[in-house]
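What follows is a single structure, written as structure tokens, with notes after it.
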């Protein structure tokens, strides 16, 4: 089962890569029809006198220029690439889920015991949540290019850098609180992962809409409108923050039962608190009319950077009671 899980992760990476390429095709060809329509001549009404019916004769439409036909075909191919990308992403998510299930069966526990398994699960939550968002808001499909890019990078990092063989849980994790605390941390982290994608996309698109015609803002000219991206960023963070708050409280209760104190300023506890404060600051800034939306969004991006620090930096560079990364 462990070997099967490893193979399924590899197939999931390849599927996300194919989905990313398909999204790139749509991203590159998606506005060809718009340019062609603007260049096409309009039909004209020609007054030809009063005929038997007393009407006006309409001149025949001008033939469609070859460049317009080619542009329309390119736009059709772009839309096809977008639809293919969504279906391939769904396949990748199923492979991703199968890899987690087989890993859990091989370990005879929930697959959250080390950094490798944690990254696999968080990225799965983010990708699955993206499919839910896409089902409700198909107009945001082009955002999938950046989401699948994140999936490829995370899974490749997990497979090449963080991978460890299946091992039993350390004794401190053998508790029912392991499921309660870690599942809520994993879920909220996955939603925060998804939330940072439209956040960064909004900052790029907002800059482009304000006329900043330089890299990286020009990359955002075919993204959804900035307002839609900003709303999605807020909805995802507002949904995830209470779950993350519960996860931190559950961790304190577990620490009281396991170590005799609810809070000890362990490095991971400290960075979890920092992340909580930053995300609370984002939601407060988002609800304050005097704070610009791009400023609030930058706080959300900072919040995710603190989450990355808690996952990678604390596990790799610090030692503490939460040192369960699994890396040597």
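Nothing in this text is a laboratory measurement; each read-out follows from the coordinates by a stated rule. This one's a predicted model, so the numbers in the text were calculated from it and none came from an experiment. When we count neighbours, we look across all protein chains shown, and the Cβ atoms used for this are built from the backbone with ideal geometry, even at glycine.
Side notes on the structure shown:
- For residue 265 and residue 10, the FRET efficiency from 1/(1 + (r/R0)^6), where r spans their Cβ atoms and R0 equals 35 Å, is about 0.30.
- Fully extending the segment from residue 312 to residue 176 would add 46.5 nm, taking 0.36 nm per residue of separation and subtracting the current Cα-Cα distance.
- A simple packing score, the average count of other Cβ atoms within 10 Å per residue, orders the peptides 244-255, 284-295 as 244-255, 284-295, with the highest score first.
- The calculated FRET efficiency for residue 253 paired with residue 319, based on their beta-carbon distance and R0 = 30 Å, is about 0.80.
- Contour minus Cα-Cα distance for residue 290 and residue 1 (0.36 nm per residue): 98.6 nm
- Sequence ranges 237-243, 13-19, ranked by mean other-Cβ count within 10 angstrom, highest first: 13-19, 237-243
- When 276, 130, 263 are sorted by how many other C-beta atoms sit within 10 angstrom of their C-beta, beginning with the fewest, the order is 263, 276, 130.
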